[in-house]
1. Could you state the accessible area per residue of segment 180-226 in Å², with a 1.4 Å probe and every protein chain left in place?
2. Tell me the net charge near ARG252. Cut-off is 14 Å between Cβ atoms, ARG252 excluded, with +1 for each Lys or Arg and -1 for each Asp or Glu.
3. Taking 0.36 nm per residue of separation and subtracting the Cα-Cα distance, what length does fully extending GLU255 through LEU126 add?
4. Would you work out which of LEU141, GLN105, LEU115 lies farthest towards the positive end of the dipole of segment 86-171, given +1 charges on the beta-carbon of Lys and Arg and -1 on that of Asp and Glu, about the Cα centre?
5. Remind me, relative contact order of segment 178-259 in percent, using alpha carbon pairs under 8 angstrom and six or more residues apart?
6. What value does the chain have for Rg/Rh, both radii from Cα atoms and Rh as Kirkwood defines it?
7. Kirkwood hydrodynamic radius, computed over distinct alpha-carbon pairs, for segment 64-108: how many Å, to one decimal?
8. By what distance, in whole Å, do the Cα atoms of segment 109-261 stretch along each of the three principal axes, largest value first?
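The values are calculated or read from the model by the stated rules, or taken from the named source; none is laboratory data. These figures come from a predicted structure and were not determined experimentally. Cβ placement follows ideal geometry from the backbone for every residue including glycine, while neighbour counts extend to all protein chains displayed. In case anyone asks, the SASA skips ligands and DNA or RNA and just uses the protein heavy atoms, side chains included. Shrake-Rupley method; radii C 1.70, N 1.55, O 1.52, S 1.80 Å.
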Amino acid sequence: MSTDTLPNPGKSPEKPAGELIRLEQVTKRFGDNTVLDHLDFSVAAGKHVTLIGPSGSGKTTILRLLMTLLKPDEGTITVDGQQLFPANEKQRREVRKQIGMVFQQFNLFPNMTVLRNITEAPVTVLGLSKDEAVERAKELLDMVGLADKCDAHPAQLSGGQQQRVAIARALAMRPKVLLLDEVTSALDPELVAGVLDLLRDIARSTDITMLCVTHEMNFARDISDQVLMFDSGRVIEAGAPEKIFSEPEHDRTREFLSAVL
Ligand SMILES: Nc1ncnc2c1ncn2[C@@H]1O[C@H](COP(=O)(O)OP(=O)(O)O)[C@@H](O)[C@H]1O
Ligand SMILES: [Mg+2]
């Protein structure tokens, strides 16, 4: 039976207090490549969790599953006690509204102005009036330091500015969860610090739960409550950043850190 034909499972009764995201026994395959193999993990509300690990270890796949850009082959994904998978399309759309994502390549709508990039989803998905959406967008553009770029198109902005717009666009949905996938990896080196500072501010000043993939280890150390080290689709080590970065237990973690630090 396809997961889409399951009845609406509604609230799951066993959500532990404070838990916002839960993956249970999640398996994802691409052809005969099993990328995630019965993966379990959970993230408490308001926490900042960083996923580290070698390229190809499944980090982006996890974020794309949460964003519903991919479907798991097996397992359950729950957000704030409501199932994202398995779920019918209507429920999935509802649950998905609580999640925002910022991508490595910005992924702004190139044909829309900066303002419209930010107001589009709040109007079409959340049903805000155009005025409300514009007001919210302007506050966010102010926060990310781009109040004067409302009418610009993405191609007229630097990579750092485009990424700030993408962050504002994600926040405009007032998500409970913000997914960040190597958001500074495509930036020129001199633009990285500004975007990381903005994300530090957001981490400090909001209660948004953050799930972050990054190779910026100083940033990860600053903002993370927990670091998960992935290898071949499994969490091989998890702990506070001080522990993972200073006294990793696994050889694999040590090797990875010595390559990126
Ligand atoms: N759309 C896809 N089709 C086929 N294979 C994919 C696809 N996306 C990811 N993969 C494979 O899944 C594995 C994990 O990829 P990914 O989650 O992107 O890793 P990471 O983000 O940790 O570098 C890799 O082997 C990758 O080649
Ligand atoms: Mg990736």
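1. Details: 2040 Å² over 47 residues.
Heavy-atom SASA per residue in segment 180-226 reads 43 Å².
2. Details: positive: ARG234, ARG254; negative: ASP231, GLU237, GLU249, ASP251, GLU255.
Local net charge: -3.
3. Working: separation 129, 0.36 × 129 = 46.44 nm, distance 4.49 nm.
My answer for the length gained is 42.0 nm.
4. Comparing the listed Cα positions along the dipole, GLN105 ranks first.
5. On the way: 70 pairs, mean separation 18.3, N = 82.
Once normalised by length, the contact order is 22 percent.
6. Numbers: Rg = 18.4 Å, Rh = 19.1 Å.
Taking Rh as the inverse mean 1/r over Cα pairs, Rg/Rh reads 0.97.
7. Numbers: mean 1/r = 0.0896 Å⁻¹.
Evaluated on segment 64-108, it is 11.2 Å.
8. 54, 31, 27
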